[in-house]
1. Whole angstrom only: what separates the Cα centroid of the stretch A:191-238 from the Cα centroid of the stretch A:68-85?
2. What list of whole percents do you get for P(r) of the stretch B:53-107, with Cα-Cα distances grouped in 5 Å bins up to the one holding the largest distance?
3. Sort the protein assembly as shown into rounded, prolate or oblate with this rule: let a ≥ b ≥ c be the square roots of the eigenvalues of the Cα gyration tensor; rounded if a/c is under 1.5, and if a/c is not under 1.5, prolate when a/b is larger than b/c, oblate otherwise.
4. Out of every Cα-Cα pair in the stretch A:123-253, what percent are more than 23 Å apart?
5. I need the shape label for the stretch B:220-291. Rule: rounded when a/c is under 1.5, else prolate if a/b > b/c, else oblate, with a, b, c from the alpha carbon gyration tensor.
6. Just to be sure I understand the model, the point goes 7 Å from the Cα along the line to the Cβ. What's the resulting B:Ile203 to B:Arg74 distance in nm?
7. Of the residues A:Leu217, A:Leu24, A:Leu72, which exhibits the maximal mean-square fluctuation in a Gaussian network model of chain A defined by a 10 Å Cα contact cut-off?
8. Projecting each Cα onto the charge dipole of the stretch B:1-148 (Lys/Arg +1, Asp/Glu -1 at the beta carbon, about the Cα centre), which of B:Ala14, B:Gly123, B:Val110 comes out farthest on the positive side?
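No value in this document is a laboratory result; all are computed from the given coordinates. None of the values given here were measured: they were computed from a predicted structure. Here the Cβ is made from the backbone with ideal geometry for all residues, glycine too, and neighbour counts use every protein chain on show.
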Amino acid sequence: MRARLAVALLLLAALPVRGEEVVLGLSQNSVSIDTTFSGSQILLFGAIKREVAIPPDELGVVVTIAGPSQPLDVRRKERRFGIWVNVDAVEVDSAPSFYAVATSGPWDDVLTQVEDLRHKISIPRAIRSVGAPSTVERAQDFTDAVIRIRTRNGAYQIREGAVELSEQTLFRTSVDLPSNLAEGGYVTRIFLTRSGNVVSEYETVIDVRKVGMERWLFELSRENAMIYGLMSLAIAIAAGWAASMAFRLLRRG
Amino acid sequence: MQIYLPIAEVSVNAFLLLGLGGLVGVLSGMFGVGGGFLMTPLLFFIGIPPPVAVATGANQIVASSFSAVLAHFRRRAVDLRMGTVLLIGGLFGAALGVMLFNYLKALGQVDLLVTLFYVVFLGIIGMLMFVESLRAIRRARGGKPATKRKKHTWIQKLPLKMRFRASGLYISVIPPLLVGLSVGVLAAIMGVGGGFIMVPAMIYLLGMPTKVVIGTSLFQIIFVAAFTTMLHAVSSQIVDVVLAVLLLVGGVVGAQFGTRIGSKMKAEQLRILLAILVLAVCFKLGLDLLIEPREVYSISSADAS
């Protein structure tokens, strides 16, 4: 009994997780894509709840937001017969449509390699690619290309030092969501680290949904493609007819 | 004002789309073409995904052709019988084109196919028009009368002849079927009505009188474009109705201005301007194929198949 208690105590001591915990607030826990949607900014703020004295190790906060993952075809162009054509393709099994990482300090200080691997935090870790066809050399280049292209258009963001930390207790950051946002659950994770080791983790989901007319049209086009097609044609014909009528009246008048 | 397109899933400026529709409308009013061959590449340039641009283009053509064909009906300048024969060919062509489109989309070569079609056809038509209108201008200056075309004799020898009253023709149905078929394929792949190919083919290959050509071509284009829209909507769900409506509103207004400008200019001048425009679009697209792209990798979602 006494031995067991000792083990438990030891475990507790070895796990500082119990000591510090993240309490999180979000400026919004859902994003609505309506007709005038042109991107959105989400403000994340929180506090570190602790029942122990502030540990001496350096504190870090890492925030990630990941859009829904999907398989991708990545193609490479090469010059053939004088023109640039797609020559080979690699399927990336799962890549988030959006991924933002913000840290409270330089990357190497807030997170160790091992913890990155375990929790899949950095962008290359968040993309999963297995089984590139053996005919393709340098399959890694294709994954790198995904990161490069998506970083360039703002879908992937790494922002070191973007998390403001004050008094080792309060933290805040904001993440810009671009206008070409995919629908789905955006998994938001907060990692609390001490000397690069994760001591506490918090996870929540921000719901991104098309609403109103956008939702209605999108669902109609997927579920009743026939009716959607007929509706598009009806609108086109009505518009053509109305235009013809309107200009005849104008010419007469 | 930014507007989010539900199917294309991009946010674009609504006024840009209205302006684009208006610009193409002006040109189509001036030159009497549908303008699809300009609209689709312009949509590529502003960042609409090519498949969506092609499919939505077909929907927009239904609207502009319908508006135009009503005027031709009032003038009795539509050969319904010829239109129907062309249409039968056109529907088969469109089905074939959409199949080819989806097959190449799965292979990842659809962008190349669409661009190649554009470069080749715009190049040919643009050059022919340019040369032809230069000659016409020279003739007008020299004061010599236009030389008459030779009739193609092999077309007269084909079987299955049919009488087309409105066109004053008694010819085999095979050439119109083939013309309809090839324009149908083009319509599906390029997202155009095909008027810029159909009209010369009807005049030079079928020998139809010019006054019924445009109305008849528009008549059959409506059905082929409608059919293409349905096929694209059902098979790959890429018709964006919001995009179509915005382009349409601009297009209808622009076309009226275009008609006014067009009526003040000479036919040869108009044709040479159109030829230069067609060649410019062709040149830009061709250059993109020849120059090394800044990014040789491209991403597309794998769930499309």
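1. Centre-to-centre (Cα) distance: 27 Å.
2. Bins of 5 Å from zero give 4, 15, 15, 23, 19, 12, 6, 4, 1, 0 percent of pairs.
3. It comes out prolate by the Cα gyration axes.
4. In whole percent, the share of Cα-Cα pairs in the stretch A:123-253 beyond 23 Å is 64.
5. Here the stretch B:220-291 falls in the oblate category.
6. It works out to 2.4 nm between the two label points.
7. Ranking A:Leu217, A:Leu24, A:Leu72 by mean-square fluctuation puts A:Leu217 first.
8. Result: B:Gly123.
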